[in-house]
Every structure is written in structure tokens, then in C-alpha cells.
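Reviewing the structure listed below.
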Amino acid sequence: MTGKKKIRIILADDHSFVRIGVKTMLGYQADMEVVGEAVDGEAAVALVRKLHPDVVVMDLMMPKLNGADATKSIREEFPATQIVILTSYGASADIARAVRFGAAGVLMKESPVEQLTEAIRTVFDGAQSIAPEILSEIADAESVLDLTAHERNLLDSVMRGLTNNDIALQFGMSSVSVKRRLSEIFAKLGAARRSEAVGIALRRHLLKM
């Protein structure tokens, strides 16, 4: 590796044992160098500004600023810095958002180290590296990312057990309009009934309990 530039990497995860484990594994790679560690999304963005790494390996779910929003901030300011997202679950609107915002790699946290190092090299070279088991989930999640804020508010009211009449009073709509809008929302989610729509929205992190 003499004379060849090492890939400069920042690790971003709020669990120190995860960072230590990943840093140790990457330490065995002759072409990689961990130059910094961040404990939350805001710290990751600040560290990128300071260190200008080639790649950020970042947990999807972090305090202060999640991986998707941190990806957006980093890629807007430093488009040459590539992002690899690590996640402990598959189907998620947040994963699709991270990819939409510029993450070039997505892997499950339990993936073998060989997959992670391959993903880092791949995104460093300007290509995309998304685990096969995640690709189809991203496509599903993308189909519902266009729910408007108003639609999410209506769905939140459904989750709280409000009837169509209650929702109509809450938002100053007619019951007929509420029924029509909910039908449109259910169609976007691929749901046949209220409980199914709420369940899908919760699993895809479109609603918060």
C-alpha cells in the first residue's frame, strides 16, 4: 500500500462498543484509516466539517440528528464525502430517505466485516453498495414517502382512535372529505383497513407512538 492514499473514515454511532468493534475490524485493512468518531448525528456533521473524510460509516438511528438527516447535511455541504448507513432493521422509510439524500451504501449491522469493507471501497470508488435484502424494502418505503404532513396528521388521528366525525371536527373538514382522504392514504400504504394502515405506518416510522 506504499504510496497509495488510504480511505479516511469517520465512524458515527452512539454506542461506544459498536464503534470500538468496527474500528478494530477496519484497523486490519491496509487501505483504511479511522480518523474520527462521533456519538450522534450533529457531532458527525461537525466532525466532517473538521476532518473532511472520504467515507462516513453511520448508524441510521442516532440522538439529536438521525442518520438520514445527517446524511442530507453532509452531502449538501460535502458532496465528495460518501456515506455508508448501518441499520439494525430492514424496512424503513428512514433508510429510503437516507438513500434519497445521498447515502451510497446501506448494510445491516450484523453483516460480516467483509461486506462492510467491500461497501466502503465501493462507495469510495463512486458506486452504490446496498445489501440485497434492503433494496426491495427501499422500493416499498419510497412508495409512501410522499405522504404530506396533513396526511400524516390525519393518520395520527386514526392511530389515536378518532372516528371520521371526530377527525372532521378536528381539521374543519366534512366527514365525506375525511373518508375520501383516508381512502387515498390507505391506497398509498397498500392497506385495506384502519388498523392495517396504522401498523404499516408505525413499522415504516411514518408515525410516532
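Bear in mind these aren't lab numbers, they're just calculated from the coordinates by the rules spelled out. What you see is a predicted model, and the numbers here were worked out from it, not measured in a lab. Here the Cβ is made from the backbone with ideal geometry for all residues, glycine too, and neighbour counts use every protein chain on show.
Place a label point 7 angstrom from the Cα of Glu184 along the Cα-to-Cβ direction, then list the residues of segment 149-170 whose backbone nitrogen is under 18 Å away.
Taking a point 7 Å out along Cα→Cβ of Glu184, the residues of segment 149-170 whose backbone N falls under 18 Å are 149-158, 164-165, 167-170.
Residue separation times 0.36 nm, minus the C-alpha to C-alpha distance between Asp166 and Asp125: what's the value?
Length difference between fully extended and current span is 9.3 nm.
Taking a threshold of 23 Å on the Cα-Cα distance, which of the pairs Lys23/Lys208; Lys5/Lys72; Lys188/Lys208; Lys64/Lys188 fall above it?
Cα-Cα > 23 Å for Lys23/Lys208; Lys5/Lys72; Lys64/Lys188; rest within.
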